[in-house]
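Here is the structure we will look at, set down as structure tokens.
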Amino acid sequence: MTGKENFFWIFYGLVLLGLFLLSSTDLIIKEEEAGIYPISVIVGDTTDDQYVNFRKGMERAAIELNGDVSFITLYEKGSARQQREMILREQEDGSQALIVDPVEEGMIAQIRQESRASIPLILINAKPGEAWELENAVSITFDYHGMGRRLGEEVLKEYGAQERVCLLEAESPNGADLLFLQGFCEAMEEEGGLVRTLSCGRGSGTEAFLEEVAQGGPEKAVLVAQDPEGLIWAAQLLAETKEAADLVEGLYGRGNTVSALNYLDKGIVQGLCVTDDFSAGYLSVKAAVELAQNRVVKDTGFLESGYIRREDLRDEKYEKMLYPIE
Amino acid sequence: MAKPRKSDLFQRVSIRYTIFIYFTISALIMILLIGLSVYGRLTGQFSATIRKENQTVINQVNLTMDSYLRTVMKLSDSIYYGVIKNVDFFHQSETVNSEITLLYDNNKDSVSNIALLSKDGELLCAVPAARLKTGTDVTGEEWFADALEHPENLHFSMPHVQYIFDNGENQYRWVITLSRAVEITDGTATAQGVLLIDMTYASLQYMLDNIPLGDQGYLYLVGSSGELIYHPKMQLIDAGLEKENVSEIYDCRDGNYQETWQGKKRDIIVKTVGYTGWKIVGVVPEQGFTLNEVKTRLFMVFVVAFFLFLLAVINAYISSKITAPIKELEKTVNALEEGDLDAEVSVGGSYEIQHLGRSIGNMARRIQALMDDIVAEHESKRKSEFDTLQSQINPHFLYNTLDIIVWMIENEQKQEAVKIVTALARFFRISLSKGRSIILVRDELEHVRNYLTIQQKRFKNKFTYRIEAGPEVLSLASLKLMLQPLVENAIYHGMEFMDGDGEILVKVERQGGRLCFIIEDNGLGMTAEQARGLLTGETKSTSGKGSGIGVKNVNERIRLYFGEDYGLTIHSEPDVGTRIQIHLPAVPYEELVEKEKES
């Protein structure tokens, strides 16, 4: 055989070998492996009561995208120290992405700077700008400020700018609570509405609380809770205590829990700002997996939220948003 | 640059490659045709099988769904016709309740609530025990209104959260409500009411989840008005995170359809569930039932390439087997072309090639014979030409010589006459030399001496001559009658018209492997042009009085006999003289005679 013939047969043999490796082995073209992505979700609360729908969305995404999701609560509500420890622990334990509901603004940036870690991070219920400043991080959040404004407008529409709107502040307000309150106060101030902040919180006892509410004057008060826990506490109080019900004409706040919705259905809560937590949970895990796969994640902007009254509960749109099918 | 034409390309390619290329291209075309047809057939069958299986699965799901709905409808019938109808409800409410409870217990996996409501929306009976939420008006519910509006039918609602019961739980349940109008007996009076059975949505999900439809297929359930009842991604669709092409599908009748949705082709199977008018829709992406995966395609290419490789190897073997004898034959023809007519002609391969080989062999032999004939003919011609040249002795020379002899005898110069006659006799004896072309140098010198003796007398001693030759050259071979024409030329051209005494020198010497004869005269000489003319025949060597064998003929004879390396050279100058050199190979006489005899 001539040199050219030898070259031809060797070349053909190599082509065959290449085709065989391409078509029948995983050496070159790898089958898509169903990789499992450990993802840790660290919230700022001691229970998952406020994250029921969020978890449903999260679990749905975990099933679809092979996420192994650990949902971690704190021992002490709103403890930045504990949350920081949890974040560091999960980073070290091999989480491929973290979903964090930060208890303090700027805390995450500080932890990142100190630990020099850059595992994918999804911030929920934080200011969108907080994620922009971080590397390999995205924000999944709602327009809490807008929700607060909407609630303010609704209260003003219902009761006018009278000095009987009492604000029940959150015990350990997180970023979302602060934004919500800020929006609410802005809306009230713009229309000259006065908001009386109650100094007696949930820990002060029912009597002290009712006493302070009654100080507002002869007219019934309108209560606005800054956080979902405060709303449930107040609704429970109104449901169980006749004196409280006699003092309060309306209760408003935000929250998605079945309890909150039941109170709305029963007429104890008059207006509720609600969020699509299922989508937030789903998109958080989806973004976490995509970042873990080194893919680019599109900014979702603010997710859907709304203000509902009792009659809106049967609305098909809110029915599916607030009572997600598992 | 102009591209070479296809025909030119093939002209430069060997027959082996041509056969190989044509065979391989044919094989490739065949493999591709077979491969494509088999691939198409397999893909078609595979797709048909998958479609059939999917259709079977959908039919099975439809049967299950139908059976499930019939079970619930039978439950409704049992409650109505077996428990409520014709029973004084208000007096036997406990019995009714316990019987409904029994039926509920038997179906509680799929039933969430059973309730009997009056026409005004009052809850008459509920299993499990529950009360209506405060302020709830069920008469406004769609399922309630439908039941009273069409009392002859059973009504299935769309999935919804059941709000009406206050069960004190912080939970919610998605249900599908089956409602019907019932007749409630109170003593002798009857009133209309509504029987409600809440089917758990989870039981529906359980039936429809994880149904295998190809690789990535799924199914969903659409209501008769096009609302989604079940979809594996129902919540995401409602939230706007996913989409489904429901609007176009729910109008379709039962059957198989193909559509392109979000840029991807997919098969759609539609099957209507009896009574409800709901539609089960199976969705199978195209890649779930075709062999279009990248690796599968590459494998097909590999199979084609592999078979082509095998065929190419076989083709290479066959083409070399066919062309090897042709190649051998080509080598033989090349050898013949280069003059080797004795080259062995290879005869092998197929009949035609063997025949060709034999023909070429015969042709070579015939060429050899013809060439032998030509050589023999040429030799014969050369010999006859040589003989002709040798025999060209001018009769005039003989007449003049005899005239001198006569003159000498008349003038009583008997001794001189005897001498001339003797010289003439010897001259002719050597001229004949038994017909041989080759004689001893000694004899050739003797011959020229006799000639000079005769001519000296003829020209009245107008010239003198000398012959010089060493003993080592005398026994070497010389061409016969070689010197005489040259000496004749020296006498007639150089001496005849000369005023003074002429001198002719004939000298023989050996120069290495060559024998050199020198004929030198001091005659009139000639120009270089005349000297060249002597060799070409343009200048006449003699004035017609000599022996008639010209210088040109001597030169030709030498070359004819000994080859082109030998022959004459002439150096002459007008009024100075002429020097002619003859070069021959220095060969012993016997050796050459032997060779002549052999030839």
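No value in this document is a laboratory result; all are computed from the given coordinates. The structure displayed is predicted, hence computed values, not measured ones. Heads up, the Cβs are rebuilt from the backbone with ideal geometry, glycines too, and the neighbour counts pull from every protein chain shown.
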Add +1 for every Lys or Arg and -1 for every Asp or Glu among the other residues with Cβ under 10 Å from the Cβ of B:Val347, and state the total. -1
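Go through the range A:54-148 and name the chymotrypsin sites (Phe, Trp or Tyr not before Pro) that are in a DSSP coil and have 12 or fewer other Cβ atoms within 10 Å of their Cβ.
Passing both the DSSP loop test and the Cβ count: A:Tyr75.
Of the DSSP beta bridges with both residues in the protein assembly as shown, give the percent that are antiparallel, rounding to the nearest 5. Working shown, then result.
On the way: 82 of 123 bridges.
Of those bridges, close to 65 percent are antiparallel.
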For chain A, set up a Gaussian network in which alpha carbons nearer than 10 Å are linked by springs, and say which option among A:Tyr12, A:Tyr263, A:Tyr282 fluctuates the most. A:Tyr12
At a threshold of 8 angstrom on Cα-Cα distance, excluding pairs fewer than six apart, so keeping six or more, what relative contact order does chain B reach in percent? 9
Residue-normalised 222 nm signal for chain B, counting each DSSP H run of n ≥ 4 as -39,500 (n - 2.57), nearest 500 deg cm²/dmol, is -16000 deg cm²/dmol
What nm value, rounded to one decimal, do you get for the distance between B:Met158 and B:His355 when each label is placed 7 Å out toward the C-beta? 9.0
Which of rounded, prolate or oblate describes the range B:395-598 when judged by the alpha-carbon gyration tensor and an a/c cut-off of 1.5? oblate
Taking the Cα-to-Cβ direction at B:Glu377 and at B:Thr536 and moving 7 Å from each Cα, how far apart do the two end points lie in nm? 3.0
Mean-square fluctuation check for chain A, GNM, Cα pairs under 10 Å: which of A:Leu17, A:Leu151, A:Leu210 is largest? A:Leu17
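Loop-only GluC sites (Glu not before Pro) in the range B:72-173, please: DSSP not H, G, I, E or B, and at most 13 other Cβ atoms within 10 Å.
Values: sites: B:Glu94, B:Glu99, B:Glu122, B:Glu141, B:Glu142, B:Glu149, B:Glu152, B:Glu169; in loops: B:Glu122, B:Glu141, B:Glu152, B:Glu169.
Answer in residue order: B:Glu122, B:Glu152, B:Glu169.
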Ranked list, fewest to most other Cβ atoms within 10 Å of each Cβ, for B:Thr188, B:Thr200, B:Thr296, A:Thr47: B:Thr188, A:Thr47, B:Thr296, B:Thr200
The range B:216-287: relative contact order in percent, alpha carbon pairs under 8 Å with at least 6 residues between: 35
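Let me know the mean shielding of A:314-321 by other chains, meaning the per-residue number of their Cβ atoms within 10 Å of its Cβ. Walk me through the numbers on the way to the answer.
Details: counts 5, 0, 4, 1, 0, 7, 9, 3.
Whole-number average of other-chain Cβ neighbours for A:314-321 is 4.
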Express in nm, to one decimal, how much length is gained between B:Thr49 and B:Leu102 on full extension, taking 0.36 nm for each residue of separation and deducting their alpha carbon distance. 14.5 nm
What is the angle, in °, between the Cα long axis of helix B:294-337 and the longest principal axis of the Cα atoms in chain B? Nearest 10 is fine, range 0 to 90. 10
Hey, quick one: spin label on A:Gln182, modelled 7 Å out along Cα-Cβ, who in the range A:124-152 has an amide N within reach, i.e. under 18 Å? A:124-134, A:139-152
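Just need the relative contact order of the range B:85-204 here, percent rounded to a whole number, with Cα pairs under 8 Å and 6+ apart.
After rounding, I find 32 percent.
Give me a single rounded figure for B:232-242: the average over its residues of other chain Cβ atoms within 10 Å of their Cβ. Intermediate results must be reported in sequence, preceding the final value.
Values: counts 3, 3, 3, 12, 9, 1, 10, 12, 3, 10, 1.
Per-residue shielding by partner chains comes out at 6.
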Between helix A:228-240 and chain A: long-axis angle, C-alpha atoms, 0 to 90°, nearest 10: 40
How about the range A:85-165: which trypsin sites (Lys or Arg not before Pro) there are in a DSSP loop, with at most 10 other Cβ atoms within 10 Å of their Cβ? A:Arg116
For chain B, find the longest principal axis of its Cα atoms and tell me its angle to the long axis of helix B:551-562, 0 to 90°, nearest 10. 50
With r defined as the distance between the Cβ atoms of B:Leu33 and B:Ala369 and R0 fixed at 45 Å, what FRET efficiency is calculated, to the nearest 0.05? 0.20
With label points set 7 Å from each Cα along the Cα-to-Cβ direction at A:Asn66 and B:Glu286, the distance between them in nm comes to 2.6
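Working out 0.36 nm times the residue gap between B:Asn256 and B:Ile467, then minus their Cα-Cα distance, what length gain in nm do you get to one decimal?
Details: separation 211, 0.36 × 211 = 75.96 nm, distance 12.87 nm.
Additional length available on full extension: 63.1 nm.
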Which ³J(HN,Hα) values in Hz, rounded to whole numbers, follow from the phi angles of the range B:148-156 under the Karplus curve 6.51 cos²θ - 1.76 cosθ + 1.60, where θ = phi - 60° and Gly and Pro get x? 6, 6, 10, x, 7, 10, 9, 10, 9
Taking R0 as 51 Å, what FRET efficiency do you get between B:Glu94 and B:Glu149 from their Cβ-Cβ distance, rounded to the nearest 0.05? 0.95
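Suppose R0 equals 51 Å. What FRET efficiency, 1/(1 + (r/R0)^6) with r the Cβ-Cβ distance, do B:Asp565 and B:Lys414 give to the nearest 0.05?
Numbers: r = 49 Å, r/R0 = 0.97.
So, using R0 = 51 Å, E works out to roughly 0.55.
Subtracting the Cα-Cα distance from 0.36 nm times the residue separation, let me have the gained length for B:Asp186 to B:Ser26 in nm, one decimal. List each step's numbers first, then the result.
On the way: separation 160, 0.36 × 160 = 57.60 nm, distance 9.32 nm.
Taking 0.36 nm per residue and subtracting the Cα distance, the gain is 48.3 nm.
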In a Gaussian network model of chain A with springs linking alpha carbons closer than 10 Å, the residue among A:Glu133, A:Glu33, A:Glu189 that fluctuates most is A:Glu33
Considering amide H positions built from the backbone, and no H for Pro or chain starts, which residues 5 or more places from B:Ala469, or on another chain, come under 5 Å of its amide H? B:Val508
